[in-house]
């Protein structure tokens, strides 16, 4: 994407949005932009139901796809699908031009990058775990079901223009160090605090831009691993340049026509710059408390379960290397080795290369790509034992106790020895060759409106949407600290309006509460936290949910006071601050909504 004469130098996210906006200078607090792709994963039925309310006849983006994440079905998932639950995928979606990725196709992020993602495009999604797609140069932003419905039906949506933090990569990786270790090193450097500083300065979403000569040396799959940290640090997205590596990746996927060049303009200014020397990165592990430490510090800890693969943290090269390191070895008696290939393409390549046979001979159990693996609902850690995984941790999991996050090569050491250790203890690094041309059969992608074989297509019958509840007059809400027992996602009783205010002391609590509120029926009406990412403020406002900021110490006092109720004045009196009453205590809250977001909140919906 080339800048026009007279345009100011732009960062990569600005270039993506400027070419799709009626305000190419991106000066307003909110800009209306056209959307290239919509990716539905967590609540497809809810988003399509919203699109129907917007008058959907046929999906407007160039690609709209819904991934069925429940590869392991049981009576509960079958009943939920029959009832049109928000997380279900209907066989009637193709009638609206919406593609369906059937169960078993793989995890959404790696599959979408292989088959549909394209550089210099804007994609909206309901799943924060789609951030790795930024490794191909696609700007992927999380949106609410209401925003997604608008994008599907009209092809447009309102967004806050983002700011950028550049991560400058230098040097070369040493043996037994891979992209997962780089991402853990960035987390160890407290990148999240820097994101919050830039957000506070500009009240705008922050996008991580990876740059430097070493960034150009990384494969697209390695770039995707680095982009996966966006959610953990509170960034709206992460983005790599689109260059000859991107072009070669698309050519190998037989999608050369999708390539577009993308790089920042010379002189484009980022808000902050972080420099990382790859040669200084060691094998790292994120421990049970979320602290990143050297693998040597945890040496000797016994491991009872290993999960290799999943939706992030492992490239095809990493899995081939793990198979090479474990060849002719056998798992210890009290260790389970679970292999979850990221996509059908990866599974097929592992089989063709003989790596799958080597891993099965080692003792691996091949499991299906079900979304509940990510949260630990399926295959949780065994009692009294640690589980090592290469996946990005899931903030929505109430407790991550027992999980270690490490690179596939560090995990391979644990499989070979039954305990944590430094992979550099292997005699020599694995040397593998990644095939250039990949198998690209989309057998599990449903594209056609009708079908001649098999059962008849069932028309999509959307379940009733949550009621629209405007903020009229003074409101009294229940107060809940964190998101105990999923209370933020409970549907209100018949005739009862939603009425919960959530106090979230940590970013993980903010993400969990927002996820519950944005994708399903929710009683949450307001959220208070020291930091709420701007992208989430916009998404929550589109659902009529108010976002307030309160300092960490003041919030801790509120949580300690444990007041059951809070009273808020009418929404028109929230400027510049809203005065909330908790029991007998008055607290000044900063309302984070801007521009038309304030109108959305007051009306209870952006639609």
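The numbers here are math on the coordinates, done by the rules we state, and not lab data. Just so we're clear, the structure is a prediction, and the values are computed from it rather than from any experiment. So basically every Cβ, Gly included, is an ideal-geometry build from the backbone, and we count neighbours across all protein chains shown.
Points to keep in mind about this one:
- Potential extension, residue 352-residue 328 segment - 0.36 nm per residue separation minus Cα distance: 6.8 nm
- Computing FRET efficiency as 1/(1 + (r/R0)^6) for residue 256 and residue 468, where r is the C-beta to C-beta distance and R0 is 45 Å, gives about 0.45.
- Protection proxy ranking, highest mean first, for peptides 570-580, 41-51: 41-51, 570-580, where packing is the per-residue count of other beta-carbon atoms within 10 Å, averaged.
- Counting other Cβ atoms within 10 Å as a rough exposure proxy, the listed residues 199, 272 run 272, 199 from fewest neighbours to most.
- Packing here is the average count of other Cβ atoms within 10 Å per residue, and on that basis the peptides 469-476, 58-65, highest first, run 58-65, 469-476.
- Along its first, second and third principal axes, ordered by size, segment 318-378 spans 32, 31, 15 Å in Cα coordinates.
- With 10 Å bins beginning at zero, the pair-distance distribution over Cα atoms of segment 475-603 amounts to 13, 50, 34, 2 %.
- Percentage of interatomic Cα-Cα distances in the chain larger than 33 Å: 43 percent
- Potential lengthening of the chain between residue 586 and residue 603 amounts to 3.6 nm, from the contour at 0.36 nm per residue minus the alpha-carbon distance.
- Radius ratio Rg over Rh of segment 108-218, counting only Cα atoms, Kirkwood formula for Rh: 0.99
- Ordering 225, 587 from the fewest to the most neighbouring beta carbons within 10 Å gives 587, 225.
- D (Stokes-Einstein, µm²/s), Kirkwood Cα radius, segment 162-281, 0.692 mPa s at 37 °C: 220 µm²/s
- Taken along the Cα-to-beta-carbon direction at a fixed 7 Å, the label points for residue 25 and residue 441 span 5.5 nm.
- Segment 21-161 - Rg over Rh from alpha carbon coordinates, Kirkwood radius: 0.98
- Ratio of the Cα radius of gyration of segment 529-582 to 2.2 N^0.38 Å, where N counts its residues: 1.22
- Cα coordinate range in segment 284-425, projected on the principal axes (Å, largest first): 39, 33, 25
- Projected area, mean over directions - segment 1-64, Cα convex hull, nm²: 6.0 nm²
- Once C-alpha pairs closer than 8 Å and six or more residues apart are averaged by separation and normalised to the residue number of segment 162-281, the relative contact order reads 43 percent.
- Placing a pseudo-label 7 Å from each Cα along the Cα-to-Cβ vector at residue 79 and residue 360 gives an inter-label distance of 3.6 nm.
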